[in-house]
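Reviewing the structure listed below.
The values are calculated or read from the model by the stated rules, or taken from the named source; none is laboratory data. All of these numbers come straight from a predicted model, not from anything done at the bench. Cβ placement follows ideal geometry from the backbone for every residue including glycine, while neighbour counts extend to all protein chains displayed. Heads up: the accessible areas ignore ligands, DNA and RNA and are worked out on the full protein's heavy atoms, side chains in. Shrake-Rupley method; radii C 1.70, N 1.55, O 1.52, S 1.80 Å.
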Amino acid sequence: GQRLLELFRHLDHHGVLDDSLVIITGDHGYEFGERGFTGAKSLYDANIRQGMIVKPPADASWTVPDRCDPIDIPPTTARELGSDVPEPCQGEPWQSKEDDSSQPRITERIREKHYNVAVEIDGIKAIYTYHSNPPTRPTSGQLADGPLREEYYELSAVRDGRFEDCRDSLD
């Protein structure tokens with residue numbers, strides 16, 4: 001916190017704070033024993049919801065969307081600088097991002113033994129675990145066999161630290 005305060009004071013002292021786009025984030029979260037995981041090894045929120053601080057320029061005509069992802073940072077920065085979004089950028093600039101909260105949010109993880117996919121929609125998160133086919137997604141046959149494990153929970157409960165609300169099926 002102290003270093004962030006120093007950064008903002010420095011920008012303000014030099015008269016550029018109001019004109020600055022500041023984004024502070026990490027590449028992923030980190031689990032400290034929640035649900036038996038340590039490090040960055042699962043699709044639980046502690047791992048995939050990294051912290052992010054965004055301060056748009058004071059005169060920006062856009063606001064930070066509710067659903068902002070790190071993949072959106074390069075095109076957002078390019079657009080703010082008045083540049084075209086580079087072709088390889090897969091994200092969407094926050095300046096033109098529509099409210100997509102009604103669309104499912106999908107996160108996946110391909111590992112040597114297991115493939116995990118998390119789907120979030122309408123306040124519910126489901127995590128499915130399948131046999132893996134590294135380095136690609138499972139084959140259609142592996143998917144047809146069904147998941148090895150299914151987990152469902154309300155996002156609000158888990159974000160409040162109530163992991164016991166996890167269920168094995170949807171009601």
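Filtering region 126-136 down to residues that are surrounded by 14 or more Cβ atoms within 10 Å (Cβ to Cβ) and out of contact with any strand residue (DSSP E or B) (no Cβ under 6 Å at 6 or more places or on another chain), which residue is modelled with the highest pLDDT? Here the residue is His131.
Whether a residue is at pLDDT below 85, under 18 Å from the mean Cα position of the chain (by Cα), open to solvent by 30 Å² or more (accessible area, probe 1.4 Å) and among the aromatic types (Phe, Trp, Tyr) was assessed, and Tyr30 passes this test. Hey, among the residues in region 141-155 that are of a type in the set (A, V, I, L, M, F, W, C) and open to solvent by 40 Å² or more (accessible area, probe 1.4 Å), which one's nearest to Asn116 (Cα to Cα)? Applying the filter and picking the extreme gives Leu148. Of the residues making up region 106-122, those that are open to solvent by less than 70 Å² (accessible area, probe 1.4 Å), over 13 Å from the mean Cα position of the chain (by Cα) and either of a type in the set (S, T, N, Q) or modelled with pLDDT under 85 (or both) number 1. For region 1-20, filtered to residues that are outside any helix (DSSP H, G or I) and open to solvent by 80 Å² or more (accessible area, probe 1.4 Å), the residue that is nearest to Leu81 (Cα to Cα) is Asp19.
Which members of region 106-159 meet the condition of being free of Cβ contacts under 8 Å to residues at least 24 places away in the same chain, in a loop (DSSP other than H, G, I, E, B) and over 25 Å from Asp72 (Cβ atoms)? If the condition is that a residue be free of Cβ contacts under 8 Å to residues at least 24 places away in the same chain, in a loop (DSSP other than H, G, I, E, B) and over 25 Å from Asp72 (Cβ atoms), then Arg111, Glu112, Lys113, Ser132, Pro138, Thr139, Asp145, Gly146, Pro147 are the ones that fit. Tell me, yes or no, whether region 92-105 has at least one residue that is free of Cβ contacts under 8 Å to residues at least 60 places away in the same chain, crowded, with 16+ Cβ neighbours inside 10 Å, part of a loop (DSSP other than H, G, I, E, B) and polar (S, T, N, Q). Checking region 92-105: not a single residue is free of Cβ contacts under 8 Å to residues at least 60 places away in the same chain, crowded, with 16+ Cβ neighbours inside 10 Å, part of a loop (DSSP other than H, G, I, E, B) and polar (S, T, N, Q). Restricting Ile24, Ile48 to those that are of a type in the set (A, V, I, L, M, F, W, C), at pLDDT below 85, in contact with a strand residue (DSSP E or B) (Cβ under 9 Å, 6 or more places away or on another chain) and at negative phi reduces the list to Ile48. Does region 68-89 include one or more residues that are of a type outside the set (S, T, N, Q), open to solvent by less than 100 Å² (accessible area, probe 1.4 Å) and assigned to a strand (DSSP E or B)? There is no residue in region 68-89 that is of a type outside the set (S, T, N, Q), open to solvent by less than 100 Å² (accessible area, probe 1.4 Å) and assigned to a strand (DSSP E or B). Taking the condition more than 30 Å from Phe8 (Cα to Cα) and either in contact with a strand residue (DSSP E or B) (Cβ under 8 Å, 6 or more places away or on another chain) or not β-branched (Val, Ile, Thr) (or both), does Ser140 pass? Yes, satisfied.
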